[in-house]
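Just below is one structure, and these are the notes that go with it.
The values are calculated or read from the model by the stated rules, or taken from the named source; none is laboratory data. Not measured: the values here are computed from a predicted model. Glycine gets a Cβ as well: all are built from the backbone with ideal geometry, and neighbour counts include every protein chain shown. All accessible areas refer to the heavy atoms of the entire protein, side chains included, with ligands and DNA or RNA removed. Shrake-Rupley method; radii C 1.70, N 1.55, O 1.52, S 1.80 Å.
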Amino acid sequence: MSDLLLSQLFRPELLAMSAYKVSDALNMIKLDAMENPFIWPDGIQQRWLETLKSCAINRYPDPEARALCSALRKSNQLNPESPILLGNGSDEIIQILLMALPAAASVLAPEPGFVMYKQVAHSLGLNYLGIPLTESFELDMPVMLQAIKERQPALIFLAFPNNPTGNLFNKNDILDILSVAPGLVVVDEAYEPFADASFIGQLANHENLLVMRTLSKLGLAGLRLGYLLGNPTILEQLNKIRLPYNINSLTQATATFALDNADFLREQTQTICQQRTIVFKSLQAFNNITVYPSSANFILFKTLNVDATEVFESLKHQGVLIKNLSPQGKQLKNCLRVTIGAPHENQLFLNALEKALKASPIQTDSTY
Ligand SMILES: *Cc1c(COP(=O)(O)O)cnc(C)c1O
């Protein structure tokens with residue numbers, strides 16, 4: 001098809017975008033996507049399969065997902081009236097939020113941040129403003145406040161903890177943003193299971209605050225279930241955009257079961273947090289990388305005097321897949337992100353990294 005025709009068919013922002021790429025991880029130790037590495041205990045798995053037998057797969061799912069919403073309210077200690085907007089992953093909630101905004105709206109997010117905010121904003125033709133974080137990946141408050149004042153964003157995304165940096169932004173900074181933001185502020189708590197910090201308790205104080213969560217990082221990435229909490233009048237509007245059957249019956253049944261039996265998931269996340277400490281300390285022991293503190297299930301690190309892409313390729317060659325952020329440039333130049341895996345996977349990663357750092361030649365000039 002000719003470029004001319006394409007440019008008549010589609011918006012220029014769409015043509016300029018590239019699709020979200022996921023690396024092929026076949027036969028690799030997969031430490032690239034913040035997945036929980038552990039499978040379900042045998043007994044739990046048996047009981048789960050039993051509950052699936054009663055799933056009426058010939059019928060449409062419950063459009064309100066009532067059983068699942070009660071399980072979510074219970075696990076988040078919310079009152080029985082709290083509304084919940086469900087999404088096919090929080091990615092879909094990001095899409096629902098942005099679809100609801102006026103056509104000329106601006107969307108603001110700190111960078112480096114979660115790429116999907118920008119991706120979806122661009123796909124919908126919205127103005128996306130990425131505001132750089134400070135050197136230590138904190139919110140650059142003077143710049144943030146100025147941008148909010150000048151550009152009046154309809155929506156601000158703040159990932160807490162942030163991906164890919166792993167840190168929790170200063171809570172008071174977020175409260176300041178909430179008080180000056182002219183529109184919605186979405187605190188994305190995808191990594192809450194590893195963080196021990198949340199803005200759910202602030203929902204009652206700020207009617208422009210929305211808290212977004214997901215079951216993906218807790219250990220159910222394959223299910224695709226995200227949810228949004230906040231002001232009932234706002235959720236009511238957003239719910240009009242949600243497709244009626246966006247959460248399928250198997251997801252509803254499985255997520256409800258998992259939340260009702262969440263002890264094993266909590267044990268798994270505890271193990272991941274302990275492993276995070278071990279991996280962090282081991283990374284600190286290398287003298288040619290800088291490691292950034294993490295409140296999530298991954299760690300960001302930067303190679304010094306060594307090309308991160310070569311380190312990444314060497315790890316891949318050794319069968320370990322992590323995430324190379326270096327091509328994104330700016331503050332992420334020479335940055336790599338490793339997801340915390342099972343103990344033996346983490347050890348294999350550390351061994352492979354030791355080899356990769358030794359093998360990588362000293363970088364003399366910039367490759368990109
Ligand atoms: C992984 C991630 C999500 C997406 O989660 P899904 O529910 O799997 O779509 C959202 N926000 C952040 C910051 C993430 O890292």
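Among the listed residues Val115, Val107, which satisfies the condition of being in the same structural domain as Asn248 (by TED's automatic domain parsing), in contact (Cβ under 8 Å) with a residue 40 or more places away in the chain, crowded, with 20+ Cβ neighbours inside 10 Å and within 15 Å of the ligand (Cβ to nearest atom)?
On the way: Val115 fails: crowded, with 20+ Cβ neighbours inside 10 Å.
That would be Val107, the only listed residue that is in the same structural domain as Asn248 (by TED's automatic domain parsing), in contact (Cβ under 8 Å) with a residue 40 or more places away in the chain, crowded, with 20+ Cβ neighbours inside 10 Å and within 15 Å of the ligand (Cβ to nearest atom).
Considering Ala262, Ala296, Ala308, Ala285, which residue is out of contact with any strand residue (DSSP E or B) (no Cβ under 6 Å at 6 or more places or on another chain) and buried (at least 21 other Cβ atoms within 10 Å of the Cβ)?
Answer to the check: Ala296.
On the given criteria, is Leu86 assigned to a strand (DSSP E or B) and of a type outside the set (Asp, Glu)? In short, yes.
I'd like the residue in the range 174-192 that is in a helix (DSSP H, G or I) and touching a strand residue (DSSP E or B) at 6+ places or on another chain (Cβ under 9 Å) and, out of all such residues, is nearest to the ligand (Cβ to nearest atom).
Checked the range 174-192; the qualifying residue nearest to the ligand (Cβ to nearest atom) is Glu192.
The condition of being closer than 30 Å to Leu300 by Cα, open to solvent by less than 100 Å² (accessible area, probe 1.4 Å) and touching a residue at least 60 places away in the same chain (Cβ under 8 Å) does not hold for Pro63. Residues of the range 299-337 that are over 15 Å from Ser23 (Cβ atoms) and among the hydrophobic types (A, V, I, L, M, F, W, C): Ile299, Leu300, Phe301, Leu304, Val306, Ala308, Val311, Leu332, Cys335. Can you find a residue that is under 29 Å from Leu218 (Cα atoms) and of a type outside the set (Phe, Trp, Tyr) anywhere in the range 142-152? No, the range 142-152 contains no residue that is under 29 Å from Leu218 (Cα atoms) and of a type outside the set (Phe, Trp, Tyr).
Quick check on my filter: what residues within the range 199-253 are in a strand (DSSP E or B), among the hydrophobic types (A, V, I, L, M, F, W, C) and within 16 Å of the ligand (Cβ to nearest atom)?
So in the range 199-253, the residues in a strand (DSSP E or B) come out as 209-214, 226-230.
When the remaining residues are screened for being among the hydrophobic types (A, V, I, L, M, F, W, C), the result is 209-212, 228-229.
Listed by number, the residues that qualify are Leu210, Val211, Met212, Leu228, Leu229.
When restricted to residues that are open to solvent by 60 Å² or more (accessible area, probe 1.4 Å) and more than 16 Å from the ligand (Cβ to nearest atom), the range 71-98 contains 5. Taking residues in the range 146-164 that are within 22 Å of Glu207 (Cβ to Cβ) and assigned to a loop (DSSP other than H, G, I, E, B), and partners anywhere that are within 16 Å of the ligand (Cβ to nearest atom) and among the charged types (D, E, K, R), the pairs with Cβ atoms closer than 6 Å and at least 6 places apart or on different chains are Phe160/Glu189.
Scanning the range 4-40 for residues that are touching a residue at least 12 places away in the same chain (Cβ under 8 Å) and of a type outside the set (A, V, I, L, M, F, W, C) yields Arg11, Glu13, Tyr20, Ser23, Asn27, Lys30, Asp32, Glu35, Asn36, Pro37.
Can you tell me how many residues within the range 147-167 are in contact with a strand residue (DSSP E or B) (Cβ under 9 Å, 6 or more places away or on another chain) and open to solvent by 30 Å² or more (accessible area, probe 1.4 Å)?
Applying the first criterion (in contact with a strand residue (DSSP E or B) (Cβ under 9 Å, 6 or more places away or on another chain)) to the range 147-167 yields 147-148, 151-160, 162-167.
Among the residues that remain, those that are also open to solvent by 30 Å² or more (accessible area, probe 1.4 Å) are: 151-152.
Residues in the range 147-167 being in contact with a strand residue (DSSP E or B) (Cβ under 9 Å, 6 or more places away or on another chain) and open to solvent by 30 Å² or more (accessible area, probe 1.4 Å): 2 in total.
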